[in-house]
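See structure below.
The values are calculated or read from the model by the stated rules, or taken from the named source; none is laboratory data. Quick caveat, the model's predicted, so the values are computed rather than measured. Here Cβ is always computed from backbone atoms with ideal geometry, including for glycine, and neighbour counts include all displayed protein chains.
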Amino acid sequence: MMKRRSVLTHSASLAALATLPAGVLAQGRKDGIVLGMALEPSPGLDPTGGAASSIAEVTQYNIYETLTKIHPDGSVTPLLAESWEVSPDLTTYTFKLRKGVKFQNGEPFNAQAVKFSFDRAGAEKSTNKDKRTFAALTTRAVDEHTVVVLTKEIDPDFPFLMGQATAVIVEPKSADTNMTKPVGTGPYMLENWVKGSSISLKKWDGYRNASAIKLQRASFRFIADPAAQVAAMLAGDIDAFPRITPRSVEQFKGNPKFQVVVSGSRAKTIMAINDKKKPFDDVRVRRAINMAIDRKAVIQGAGDGYGVPIGSYYPPSAPGYIDLTSVDAYNPDKARALLKEAGVSNLDVTITLPPPPYARQGGEVIASELSKVGINAKLQNVEWAQWLSNVYGAKNYDLTIISHVEPFDLGNFAKPDYYWNYHSPKFDELYTKYKSTGNAKDRMKLLADIQRLIAEDAPMAFLYQPQWVTVANKNVRGLWKDMPIFANDLSSMAWA
């Protein structure tokens, strides 16, 4: 039986259907699609100006495009760049740009737009979450269709980074209003945004390859409540729900009306710790928190078994991974001893939980486990905007549960002002060496050293690498099998 709160949430979700543009629900399911999302994009629709992965879920490859394109298997192919060449020392990339491309406001796509986008992303006032990457770049427009990018930091994965949402190419005249009026070179334009319920996109007829785009419209509906997600799918109100709450999956398996896709990821689900806040500034306390947590129990409670334990901030699916789950492994007795050694007893903490079910369900499991070692955890549920503002922005928290979905984000540990307040000169030295080393074997050794250092410093509680689950109508085609990044690539989707 659905709880009253869930019924109310589902009723609100159904009511939101009335606000969708005419034709979305009556399109015969042949030229349109309705996708479900747990979180609404915040603070807006510019992935270069906000940290929320939900922005890219709506906009990446749909409204905005990048020089390269990342595919479900992690491979990278040209997109706005037709090709590129790399210097032997991996510091210079020459991109040949696609000709005849326009932005949705009619302005031409060219080398100047690329330079503007990258310079803007690395500027002093940039709010791009990959600002460090772009600040290390020097971009030169050689001619209208040739761009040379010089980087101070060697990174063999640079073409992959150029396909992420933070690297979208924006049109200079419209860049400042992209939060509410996004303009890109992609196959879709914003049609309507009903705050709190849905975003609708419509096919852009001016797209360079418009005939290859099968769907005329797409609507994204925001449903955080797990029971309401299930109800919307069963009612046929949602055609596909990428990254649906795992707890709901079993009832769709074996149902001939649906397909269930279990995807690998590069994500890391963690319980972040405010490292500068007492007593969390003591590594013994942070290690004790790790030892108090049974990762397998968290995976079962938060993700219904869809996950793999991690012992550092690096997922098993990534190159160079080493298994560090034995460091600070589950051991309540040792956790209690470490807390006693640190002079900490009957510690009261608050775990701030954003809306995703994995966070709120995981919080209940972890609070129970912490109580067994003398840590009294109060659970505080907040909305996504509050989390971004108070936790991520103001660093006003004790503990919080979140999934970091970016594949290559070890650089966050080198940011002294990042929200978990970690700072280690030893890490900075290792990471600088890693970023400036071209030899693959040497890079892998440094990567292993970095993983070990993070595990030993325990700046957070390492939980698990999640597996994402998509439930969809059996006739939807083009869904991603694996998800190295969070994107809903509408250009690949169609109906059977």
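Things to note:
- Taking the numbered list (1) touching a Phe, Trp or Tyr at 6+ places or on another chain (Cβ under 7 Å); (2) over 23 Å from residue 468 (Cβ atoms); (3) crowded, with 18+ Cβ neighbours inside 10 Å; (4) not basic (Lys, Arg) in turn, residue 269 passes all entries but (2).
- Leading residue by the ranking (nearest to residue 284 (Cα to Cα)) among those in segment 361-404 that are aromatic (Phe, Trp, Tyr) and touching a Leu at 6+ places or on another chain (Cβ under 9 Å): 387
- Among the residues listed as 312, 317, the single one being under 24 Å from residue 480 (Cβ atoms) and not assigned by TED's automatic domain parsing to the domain that holds residue 486: 317
- Looking across segment 380-399, the residues that are surrounded by 16 or more Cβ atoms within 10 Å (Cβ to Cβ) and hydrophobic (A, V, I, L, M, F, W, C) come down to 382, 384, 387, 388, 391, 399.
- Options 232, 228, 272, 224: the member that is in contact (Cβ under 8 Å) with a residue 60 or more places away in the chain, within 28 Å of residue 43 (Cα to Cα) and part of a strand (DSSP E or B): 272
Conditions tested, residue by residue: (1) aromatic (Phe, Trp, Tyr); (2) farther than 15 Å from residue 472 by Cβ.
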| position | (1), (2) |
| --- | --- |
| 196 | no, yes |
| 204 | yes, yes |
| 224 | no, yes |
| 231 | no, yes |
| 235 | no, no |
| 240 | no, no |
| 245 | no, no |
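- Filter pass, residue 253 being surrounded by fewer than 21 Cβ atoms within 10 Å (Cβ to Cβ), under 18 Å from residue 476 (Cβ atoms) and free of Cβ contacts under 8 Å to residues at least 60 places away in the same chain: yes
- When 215, 161 are checked against the criterion of being in contact with a Ser or Thr (Cβ under 9 Å, 6 or more places away or on another chain) and not assigned by TED's automatic domain parsing to the domain that holds residue 52, 161 stands alone in meeting it.
- Condition check for residue 281 on (1) part of a loop (DSSP other than H, G, I, E, B); (2) in contact with a Leu (Cβ under 7 Å, 6 or more places away or on another chain); (3) not hydrophobic (A, V, I, L, M, F, W, C): one failure, at (2).
- Some residue of segment 243-256 being modelled with pLDDT of 95 or more, within 23 Å of residue 492 (Cα to Cα) and in contact with a helix residue (DSSP H, G or I) (Cβ under 9 Å, 6 or more places away or on another chain): no
- Any strands (runs of 3 or more DSSP E) falling wholly within segment 59-175 and containing at least 1 residues that are buried (at least 23 other Cβ atoms within 10 Å of the Cβ) and not small (Gly, Ala, Ser): 68-70, 92-97, 146-151
- Exclusive hit being at pLDDT below 90, more than 27 Å from the chain's Cα centre (by Cα) and either at negative phi or not assigned by TED's automatic domain parsing to the domain that holds residue 483 (or both), set 51, 26, 12: 26
- Residue count, segment 456-484 (criterion: polar (S, T, N, Q), in a loop (DSSP other than H, G, I, E, B) and under 26 Å from residue 163 (Cα atoms)): 1
- Restricting attention to segment 421-448 and to residues that are surrounded by 18 or more Cβ atoms within 10 Å (Cβ to Cβ) and of a type in the set (D, E, K, R), the residue that is nearest to residue 277 (Cα to Cα) turns out to be 435.
- Subset of segment 400-420 (residues that are assigned to a helix (DSSP H, G or I) and either surrounded by fewer than 15 Cβ atoms within 10 Å (Cβ to Cβ) or at pLDDT 95 or above (or both)): 413
- Residue 366 more than 17 Å from the chain's Cα centre (by Cα), modelled with pLDDT of 95 or more, under 22 Å from residue 278 (Cα atoms) and buried (at least 22 other Cβ atoms within 10 Å of the Cβ): yes
- Some residue of segment 386-408 being out of contact with any His (no Cβ under 9 Å at 6 or more places or on another chain), more than 30 Å from residue 233 (Cα to Cα), charged (D, E, K, R) and without any contact (Cβ under 8 Å) to a residue 24 or more places away in the chain: no
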